[in-house]
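Step one of this worksheet: look at the structure below.
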Amino acid sequence: MIDNIVICYGSKKDFENLLAERIGEDDNTIPFMQLIQHYNARLRPNESGVRESQLANPIEVDNCIVRTEDYGSVFEHVISNFVNIVCLNHDVGTLYMNNPPKRVVGSLSSVYHDEIEYIYSEYGEITRSSLQRIYENLNKNILGQNDCKKDIVSGLYRLTAESTERPAVLMLYGPSGVGKTETAKCLSETLGGGLLRVQFSMMQTMEAYNYVFGAEHSKGSFARDLISRESNVILIDEFDKVSQNFYNAFYELFDEGRFVDGNYEIDLRQAVFICTCNFSSEDEIKKTLGPAMYSRIGCCIEYKEIGLAEKHIIIDKWYTSVLSRIKTNEKEAIEKTDMLN
């Protein structure tokens with residue numbers, strides 16, 4: 001039996017904060033994987049390490065906690081028969097769940113209907129005041145690229161000025177090492193929360209295809225990463241490095257802010273997608289991505305090679321940062337050399 005169910009969609013940080021607020025120090029709380037160990041004891045008492053005598057009567061617990069990664073650690077039948085398995089050996093006061101797959105929610109809804117409490121992570125919105133902070137932080141943290149900073153703020157402005165819930169999709173292009181990734185980090189930090197970064201240069205295998213389109217619940221997926229994000233800024237690095245077949249997954253996402261696979265359905269309206277590539281022109285982007293994908297990009301922003309003065313500043317900051325982390329005698333030895341020059 002389960003008395004209360006709380007489903008939290010969003011980041012691990014928000015889920016852990018929720019648990020800290022609601023669960024008392026003296027509560028009897030069981031992790032989901034320990035509950036599964038008790039379930040396995042019923043099926044295979046000689047292998048589970050739990051004596052069957054311990055399960056003669058239902059175990060009463062105040063709370064059971066199911067974290068996002070737990071769903072990937074159990075077999076398929078656990079996902080499909082979630083309610084029966086949780087209740088087989090336990091009477092649970094409150095079941096706390098972070099980002100359950102659709103089938104788990106379906107199993108719970110079929111029994112508990114409207115008695116489930118849903119909580120969602122809140123993400124920093126693009127407002128006129130946040131645009132001002134974004135521009136200030138870009139000027140502070142990104143050297144050069146003055147036109148790019150203005151173009152980014154202009155590209156994001158429509159989220160505050162238009163009655164649209166479509167995500168903003170910006171393509172940053174140009175050579176490596178000129179500030180494209182740092183720009184995405186700066187946006188995420190300004191709006192609050194760590195940046196979700198997906199490296200498309202690694203997406204060259206069938207496993208990568210399954211990651212994007214979703215496969216078994218036990219595998220990592222793009223959808224699981226999206227639903228667990230800390231901020232509403234998503235960086236897709238080297239967007240040009242995959243087969244065009246991958247772009248099918250992004251048409252609805254960039255059009256409507258909705259991403260669906262076999263395990264999750266995610267609302268990404270008002271999100272900011274930063275895509276990067278090493279193309280040298282907008283025409284090259286259009287030719288490689290194809291008209292269908294290109295038409296869904298809000299704006300393409302060219303990052304140029306940075307000047308010698310900016311490179312000196314970057315090197316000086318890096319050098320100073322390294323010296324601040326090493327021992328005094330090492331620092332003294334390095335400062336006696338001409339390494340900085």
(message) So the check is Cβ under 9 Å with 6+ separation or different chains; which pairs have a first residue in the stretch 213-233 that's more than 19 Å from VAL78 (Cα to Cα) and a second one that's among the basic types (Lys, Arg) and in a helix (DSSP H, G or I)?
(response) SER228/LYS12; GLU230/LYS12; GLU230/LYS13; VAL233/LYS185
(request) Six or more apart or on different chains, Cβ under 6 Å: which pairs go from a residue in the stretch 172-189 that's more than 21 Å from TYR294 (Cβ to Cβ) to one that's of a type in the set (A, V, I, L, M) and outside any loop (DSSP other than H, G, I, E, B)? Could you list them? (result) CYS186/LEU138; LEU187/VAL233; SER188/VAL233
(request) Name the residue, out of ARG229, ARG197, that is of a type in the set (D, E, K, R), assigned by TED's automatic domain parsing to the domain that holds THR160, assigned to a strand (DSSP E or B) and within 30 Å of LYS150 (Cβ to Cβ). (result) ARG197
(request) Could you pull out the residue among LYS180, LYS140, LYS185 that is among the basic types (Lys, Arg), touching a Phe, Trp or Tyr at 6+ places or on another chain (Cβ under 8 Å) and in the same structural domain as ASP240 (by TED's automatic domain parsing)? (result) LYS180
(message) I want to confirm something. Restricting to the stretch 14-46 and keeping residues that are in a loop (DSSP other than H, G, I, E, B) and modelled with pLDDT under 85, which single residue is surrounded by the fewest Cβ atoms within 10 Å (Cβ to Cβ)?
(response) ASN46
(request) Would you check which residues across the stretch 98-147 are outside any loop (DSSP other than H, G, I, E, B), modelled with pLDDT of 90 or more, surrounded by 14 or more Cβ atoms within 10 Å (Cβ to Cβ) and touching a Ser or Thr at 6+ places or on another chain (Cβ under 9 Å) and list them? (result) ASN98, ILE116, LEU131, ILE134, ASN137, LEU138
(message) Name the residue that is surrounded by the most Cβ atoms within 10 Å (Cβ to Cβ), counting only residues in the stretch 254-313 that are more than 25 Å from the chain's Cα centre (by Cα) and among the β-branched types (Val, Ile, Thr).
(response) ILE285
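The values are calculated or read from the model by the stated rules, or taken from the named source; none is laboratory data. Just so you know, these numbers come straight off a predicted model, no measurement behind them. With ideal geometry, Cβ positions are generated from the backbone for all residues, glycine too; neighbour counts draw on all protein chains shown.
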